[in-house]
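The values are calculated or read from the model by the stated rules, or taken from the named source; none is laboratory data. Being a predicted model, the structure only gives us computed values, none of them experimental. Positions of Cβ are backbone-derived with ideal geometry, glycine not excepted, and every protein chain shown enters the neighbour counts. The accessibility values were calculated without ligands, DNA or RNA, using every heavy atom of the protein model including side chains. Shrake-Rupley method; radii C 1.70, N 1.55, O 1.52, S 1.80 Å.
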Amino acid sequence: MRRKMYRKLMVIVAVLLLAGMTAACQPNAESIFAEGLEQLENNELEAALDSFDRAIEINPEFTAAYLARGQVYLDQEDLNSALSDYIRVTDLDPQSYEAHYQCAKINNELGNIRDSIEDYSAAIELDPENNQVIYERALLHFGSDEFDAALVDLTDAITLGLQSGDAFTMRGGILLESGEYERAKEDFDRAIEL
């Protein structure tokens, strides 16, 4: 009886050791990801893409790998694939500023203005002090003839320290159209200074 239990125990130990050695021999998602980052740094885009694919295959919730793969897709000008990866990151981590910001930029480039504005809004919610991102959303509002929203964003961006002649000119134009001549003149003067 003891001998049978001893054999069973030895078989279990052998199986566990074998499983442990097999797992130890296989690279993990983090090491493959690190390899991909090095390849990306060396501009080996296809190799980096393969590494990020493998890391994601091992760990489908590895947000850093999706972000990095999205960057490779951007470098390859594959906007739809990049957008897909960044959307996946926002699904996995709604607090990812970088993913929301990249979605906004890509959606804008693809002509998905409403989606772009929503993505900019999510990024701004995560980083409300980023005057450049607020300005970029203002440009979309302005281009969509949403002048009130553009005015709010331009004012916020300028208040947060944005020093852009274009921003002051745009805001001045909106103010001029709404009959606020003195404020418009101040913005035009400031734009000329910049």
* Can you pull the one-decimal nm distance between simple spin-label points at residue 152 and residue 28, each 7 Å off the Cα toward Cβ? => 4.6 nm
* Where in the chain are the DSSP H helices whose C-alpha atoms run 15 Å or more along the long axis and whose mean Kyte hydropathy is at least 0.5? -> 2-25, 147-159
* Divide by every residue of the chain the summed helix terms, -39500 (n - 2.57) for each DSSP H run of at least 4, and state the resulting mean residue ellipticity at 222 nm, rounded to the nearest 500 deg cm²/dmol. => -26500 deg cm²/dmol
* Please give the net charge around residue 105, taking every other residue with its beta carbon less than 10 angstrom from that of residue 105, where Lys and Arg add +1 and Asp and Glu add -1. => -3
* Structure fact -> With R₀ set to 30 angstrom, the calculated FRET efficiency between the beta-carbons of residue 91 and residue 194, to the nearest 0.05, is 0.15
* Asked: At a 1.4 Å probe radius, carbon and sulfur cover how many percent of the accessible area of the chain?
  -> 53 percent
* Asked: Out of (i) 16.3, 52; (ii) 25.9, 100; (iii) 17.3, 58, which label holds the value of Rg and Dmax of the Cα atoms in Å that was computed here?
  -> (ii)
